[in-house]
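Presented below is the structure to which this report refers.
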Amino acid sequence: MKRIKSPRLKVIKSWCREILLALEYLQSMTPNPIIHRDLKCENIFINSNKGEIRIGDLGLATCMSTSFANSVIGTPHFMAPEMYEEEYDTAVDIYAFGMCLLEMVTLQIPYKECENSAQVFKKVMSGKKPQSIEIIQNEEVKNFILECLKDKDERPTATELLQSK
């Protein structure tokens, strides 16, 4: 992202499709879906010459052997509220994907207005969205991100996001 500076929306859409396909693959693993738990732009590797996308750093990933996972782990700026409550599923990766998309579009880390992790935690748990969402001009992109940041029971799956625009 630093090298490209300001990628076009068409390019970002292509990247998002690849990321969602990877998340769909991880979430479809049977019998135990895989949760990445630390999805962030730093862990998404883009080969702009070939247009290849790789999700890396699976060191915090876990297989869901029960109906939910239960440890607080990840990068606070990208963590879904339910991760702090220590009862979550694959939907946390969709929330993190939404935050990644927010960073790609705005070139700002989510919650950059916060000075520390405690402030991020407070905002996330109170349902406050990052301020950077307000600088997005494209309503379609903004609404797509907000879909990813919905409450866990309303959050779409990777498959559902792929089927939308």
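The values are calculated or read from the model by the stated rules, or taken from the named source; none is laboratory data. Here the structure is a predicted model, which means the values were calculated and not measured. Glycine also receives a Cβ, built like all others from the backbone with ideal geometry; neighbour counts cover every protein chain displayed. Calculation scope for accessible area: heavy atoms of the full protein, side chains included, ligands and nucleic acids excluded. Shrake-Rupley method; radii C 1.70, N 1.55, O 1.52, S 1.80 Å.
Being in contact with a Lys or Arg (Cβ under 8 Å, 6 or more places away or on another chain), open to solvent by less than 30 Å² (accessible area, probe 1.4 Å) and at pLDDT 95 or above, is that true of even one residue in region 74-89?
Checked region 74-89: no residue is in contact with a Lys or Arg (Cβ under 8 Å, 6 or more places away or on another chain), open to solvent by less than 30 Å² (accessible area, probe 1.4 Å) and at pLDDT 95 or above.
Residue pairs, Cβ under 7 Å, 6 or more apart or interchain, first in region 26-43 and over 20 Å from residue 75 (Cβ atoms), second open to solvent by less than 40 Å² (accessible area, probe 1.4 Å). List them.
Matching pairs, first to second residue: 32/64; 33/26; 33/27; 33/64; 33/90.
What are the residues in region 129-149 that are open to solvent by less than 90 Å² (accessible area, probe 1.4 Å) and assigned to a loop (DSSP other than H, G, I, E, B), if any?
Hits for region 129-149 are 129, 130, 136, 138, 149.
Considering only region 26-70, state which residues are at pLDDT 85 or above, in a helix (DSSP H, G or I) and of a type in the set (A, V, I, L, M, F, W, C).
Of everything in region 26-70, those that are at pLDDT 85 or above, in a helix (DSSP H, G or I) and of a type in the set (A, V, I, L, M, F, W, C) turn out to be 26, 41.
Before we move on, is residue 162 closer than 26 Å to residue 6 by Cα, part of a helix (DSSP H, G or I) and over 12 Å from the mean Cα position of the chain (by Cα)?
It is true that residue 162 is closer than 26 Å to residue 6 by Cα, part of a helix (DSSP H, G or I) and over 12 Å from the mean Cα position of the chain (by Cα).
Name the single residue, out of those in region 25-56 being in contact with a helix residue (DSSP H, G or I) (Cβ under 8 Å, 6 or more places away or on another chain) and among the β-branched types (Val, Ile, Thr), that is least open to solvent (accessible area, probe 1.4 Å).
Among residues in region 25-56 that are in contact with a helix residue (DSSP H, G or I) (Cβ under 8 Å, 6 or more places away or on another chain) and among the β-branched types (Val, Ile, Thr), the one least open to solvent (accessible area, probe 1.4 Å) is 35.
Which pairs do you get when a residue that is farther than 15 Å from residue 40 by Cβ and part of a loop (DSSP other than H, G, I, E, B), found in region 103-122, comes within reach of a residue that is open to solvent by less than 70 Å² (accessible area, probe 1.4 Å) and not aliphatic (A, V, I, L, M), reach meaning Cβ atoms under 7 angstrom, with the pair 6+ apart or on two chains?
114/123
Based on what the data block shows, is residue 152 basic (Lys, Arg), touching a Leu at 6+ places or on another chain (Cβ under 9 Å), touching a residue at least 12 places away in the same chain (Cβ under 8 Å) and surrounded by 13 or more Cβ atoms within 10 Å (Cβ to Cβ)?
So residue 152 does not fit the description; no.
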